[in-house]
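To start, the structure under review is shown below, and the notes come after it.
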Amino acid sequence: MQRQLTARAVIAGMLIGGVMSLSNLYISLKSGWSFGVTITAGIIAYGLFAGLDKLKVTKTHFGLLENNAMQSVASAAGYMTGGGTVAAIPALMMITGEPMDGVQMFVWISAIAFLGVIMAIPMKQQMINVEQLRFPSGIAAAETLKALHAEGDSGAAQARMLGWTGLFGAAMIFFVEAKARWVPFNLPGKITLGDWHLRGRPLTDYTLYFETSPLMVAAGAIMGFRAAMSMLAGALVCFALLAPKMYGLGVIPDALGYKAIVGWSVWFGSAMILTSGLLSFAFQWRTVARGMSSVFKAFQGAPAEEDAEVPMSWFFIGLAVLSPVVIFLQWYLFDIEWWMGAIAVVMSFFIAIVACRATGETDTTPTGALGKLTQISFGVLDPGSAVTNLMAANVTAGVGLHAADLLTDLKSGYLLKADPRQQFWAQFFGVIAGSLFVVPAFRILVPTAADIGTEQWPAPGAQTWKSVAIMMADGIHALHPTAQAGLVLGGVLGVVLVLLERFVPNLKPFLPSPTGFGLGFTTPAYNSMNMFVGALIAILLERTKPEFAEKSLVPAASGVVAGCSLMGVLIAALSIAGLLGE
C-alpha cells in the first residue's frame, strides 16, 4: 500500500497551496480571473522532492499517491480566494466603507469552505463512482501525475522552467514597484502609446497604455485567445470610445482615471456578465435536474463500493456542527436574520449540487451565476439591504465552489486508486493553510476600503457583486440615465450573445465571449491590453513551437504569475514595515 496523506505531503501542500493562494488573490484583485493550482502544485512538489532525493535529504521516494494527496491540500488552499476575498468581501468594503476584521474574515471564509467540503460527501459516490462524470481538470491532474512519476526528467524540467520564470517575474516586479534609496534602479511602470489625446486628455487618463509588468501578459497566455480578445474588445469600446464621449458630456467627472470611469461603465459590464451567466446557466437545466435526482439517490442507503468511501454519517455530523456556525456568523457579522441565514445554508446544498454537476460535465463551476441567483433571491426576501443579499450569496457561492473543488480532486484520486477519506481530510488542511495565507495578505494589500476599486486594485469581480447588490437594494432609478441605458443595453447584449452561441454555433469563433467583453468594462484597459499580448504570444508559440507550448507554456506562464504575485505581496509588506517607499 503506497503512502498517501503523509506529514510531508500535508506540509508541502499547505505551503505550496498557501503560496499559490497569494498568487490567485493578487491576480484576481487585479484582473477578476483566477487560475487552477492543482497541476502546478504537483509539478512543484515533484521537482522539490526530486531535488531532495538527489541531495540524499529524504529517505523515501515521494510517491504518486503522496503527490496526489499533496495536490488535494494545495488545491483547497489555492481556492480559498473563492470564499469571498476577491468578490463579496471587497464589494462589502466598497458598500460600507469599512475594512473587515482579519480574525472575522479568517473564521468566515474557513467556515464557508468547511461547509463546502461537507456538502460534497453525498455527491461523490453517485457522480464519480456510479455515473463516472468526467471532471476534466481531475483527469488532467491524474494524467499529469502519471506522466511526472513515469518520466522523471520531463517533470524535473517543467519544475525548473516554473522556477526560473518565477524568479524572472519576481525580479521584474521588484524593479518596477520597489521604490527606495537602496534599490539600485527602477524600470518604468508604463509604456505609453505616444502623445495622443482624446477629448483633450492624454490616453493614460483613460488607462490606455501598456504595463511593463509581465504579470498580465503571463495571465493572458494561460487564459486563452478568445477570452483575452474579448476583454480587449470590451476595453477599447469602453475606454477608447464611450469613456471619452461620457467625459465630454460631463457624465464622467474631470478626475477621469479608472475609478471615475468604472463608476459609470460597471453598469454595462456587470449587466452583461449577469444576464449571460444566468442564461447560460438556465440552458443547463437538464444538468440541474440530473444533479438533483442523482444526489438524492445517495440518501437511499445504497452501499459504498469500498469500505474506504467517506461515510454518509460524516455528512450529517458535519452539517449538524457547521450549519449553526455559518448561520450564527451571518447574524453576528452582517446582521442577517437567523431564518434568512438558515435559508442561505439550505440553498447552498442545492447550489453545491448544481456546481458539482456542472463542473463534472463541463469543467466550469458557475459560481458567479449561482451567486447572482442568491443575490436576487435575497433582494426579494430583504429588499433594501445590499449587505444581506451580498453576504448570503457569499455563503452559497463559496460552498458550491469548495464542493466542486473537492469532487475534482476526488476524481483524480479515483483514477489513481487513492483513498477518498484521506483526500477528504487533506481538504481541511488546505482550507486552514489557505486562510492563514490569504487573510493577512489581503489585509496587507487592501488595508482600507478606499484601496478597492482603484487602478492598483480594480477588483472587477467585486465591482460586479457590488453593482448587483446596490441594484437590488436601491433600484435602477437611482442611477444616471446613461448608466440606466448601459445597464439595459449590457443585459440585452449578454442575452443576444449567448443565444447566438447556442443557436448559431458556427458564429461562435467570431463572437466575443460575453463574460470577457463585460470584464473589459470593469478592469483597467492596460490589463486587457497586456493579457491580449500574452494570449497572442501563446497562440504564436502553439503554431510555431507546438511541443514547447504543450509541455512548457503553462508552467512557464504560471511561474511568472506566481513570481510577480509573491513579490507584489512582499513589496506591500516591506512598504508597511518602512523598508520601502520614497
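Taken together, the values in this text are just the output of simple stated rules run on the coordinates, not laboratory data. Every value quoted in this text rests on a predicted model; they were computed, and no experiment measured them. Neighbour counts are summed over all protein chains in view; Cβ atoms, including those assigned to glycine, are modelled from backbone coordinates with ideal geometry.
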Treat each spin label as a single point 7 Å out from the Cα along the C-beta direction, and report the VAL183 to VAL380 distance in nm.
5.2 nm
Kirkwood Rh over Cα pairs of segment 63-147 into Stokes-Einstein at 37 °C, 0.692 mPa s: D in µm²/s?
213 µm²/s
When the charge dipole of the chain is computed with +1 on Lys and Arg Cβ and -1 on Asp and Glu Cβ about the Cα centre, the Cα farthest towards its positive end, among PRO440, ALA271, GLY220, belongs to GLY220
Convert each backbone phi in segment 264-273 into a coupling constant with the Karplus relation 6.51 cos²θ - 1.76 cosθ + 1.60 (shift: θ = phi - 60°), then list the ³J(HN,Hα) values in order as whole Hz, x for Gly and Pro.
9, 6, 4, 5, 5, x, 5, 4, 5, 5
Estimated inter-spin distance, ILE191 and ILE444, nm [label 7 Å along Cα→Cβ]
2.9 nm
Of the listed peptides 22-28, 182-188, what is their order by residue-averaged count of other C-beta atoms within 10 Å, with the highest listed first?
22-28, 182-188
Just to confirm my numbers, what's the Cα centroid distance between segment 1-66 and segment 226-241 in Å?
35 Å
Taking the mean number of other Cβ atoms within 10 Å as a proxy for protection, how do you rank 501-512, 130-141, 410-421 from highest to lowest?
410-421, 130-141, 501-512
Taking r as the C-beta separation of ASP254 and VAL492 and R0 as 25 Å, the FRET efficiency to the nearest 0.05 is 0.20
Under 25 Å from the Cα of LYS190, which lysines turn up, not counting those fewer than eight places away in the same chain?
LYS30, LYS179, LYS245, LYS259
Project the alpha carbons of segment 110-233 onto their principal axes and report the range along each, largest first, in whole Å.
64, 40, 33
Which of rounded, prolate, oblate describes segment 168-269, given a ≥ b ≥ c as roots of the alpha-carbon gyration tensor eigenvalues and a/c under 1.5 marking rounded, otherwise prolate only if a/b is larger than b/c?
oblate
From the Cα centre of segment 196-210 to that of segment 444-493, the distance in Å is 23 Å
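Can you compute the FRET efficiency between PHE328 and LYS54 using 1/(1 + (r/R0)^6), with r the Cβ-Cβ distance and R0 = 60 Å? Round to the nearest 0.05.
Between PHE328 and LYS54 the formula returns 0.70.
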FRET efficiency for GLU131 and ALA320, using Cβ-Cβ distance with R0 set to 35 Å, rounded to 0.05:
0.80
For LEU198, which sequence-distant residues (separation of 5 or more, or a different chain) have an amide H within less than 5 Å of its own amide H, given hydrogens modelled in the peptide plane?
LEU203
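Rounded, prolate or oblate: which fits segment 352-462, taking a ≥ b ≥ c as square roots of the Cα gyration tensor eigenvalues, rounded meaning a/c under 1.5, else prolate when a/b beats b/c?
Cα axes put segment 352-462 in the oblate bin.
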Apply the Karplus curve 6.51 cos²θ - 1.76 cosθ + 1.60, θ = phi - 60°, to the phi angles in segment 433-442 and return the couplings in whole Hz, x for Gly and Pro.
4, x, 5, 5, 7, 5, 5, x, 5, 4
Ignoring everything except DSSP H segments at least 4 long, calculate the 222 nm mean residue ellipticity for the chain; use -39,500 (n - 2.57) per segment, divide by total residues, nearest 500.
-24000 deg cm²/dmol
Computed ³J(HN,Hα) along segment 560-572: with the Karplus parameters 6.51/-1.76/1.60, θ = phi - 60°, integer Hz and x for glycine or proline, the list is 4, 4, 5, x, 4, 5, 5, 5, x, 5, 5, 4, 4
Once the in-chain neighbours fewer than 8 apart are removed, the lysines whose Cα is under 16 Å from LYS372 read LYS466
If the label point is 7 Å along Cα→Cβ of ASP101, which residues in segment 421-461 have backbone nitrogen under 20 Å from it?
435-450
Taking Cα Rg over 2.2 N^0.38 Å straight from the coordinates, which label in (i) 0.94; (ii) 0.98; (iii) 1.26 is the correct one?
(i)
So, with points 7 Å from each Cα along the Cβ direction, the LEU574-LYS146 label distance in nm works out to 4.5 nm
At 10 °C and 1.306 mPa s, the Stokes-Einstein diffusion coefficient in µm²/s for segment 466-582, with hydrodynamic radius from the Kirkwood sum on alpha carbon pairs, is 86 µm²/s
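Order 398-404, 5-11 from most to least packed using the mean count of other Cβ atoms within 10 Å.
Descending mean neighbour count gives 398-404, 5-11.
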Gain in span if fully extended, ARG199 to SER313, counting 0.36 nm per residue against the direct Cα distance:
34.4 nm
On alpha-carbon atoms, Rg over Rh for segment 1-119 using Kirkwood Rh?
1.07
Cα gyration tensor shape of segment 465-531, rounded if a/c is under 1.5, else prolate or oblate by comparing a/b with b/c:
oblate
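What is the sum of charges around VAL262, taking Lys and Arg as +1, Asp and Glu as -1, for the other residues whose C-beta is under 13 Å from the C-beta of VAL262?
Charge balance in the 13 Å sphere: +1.
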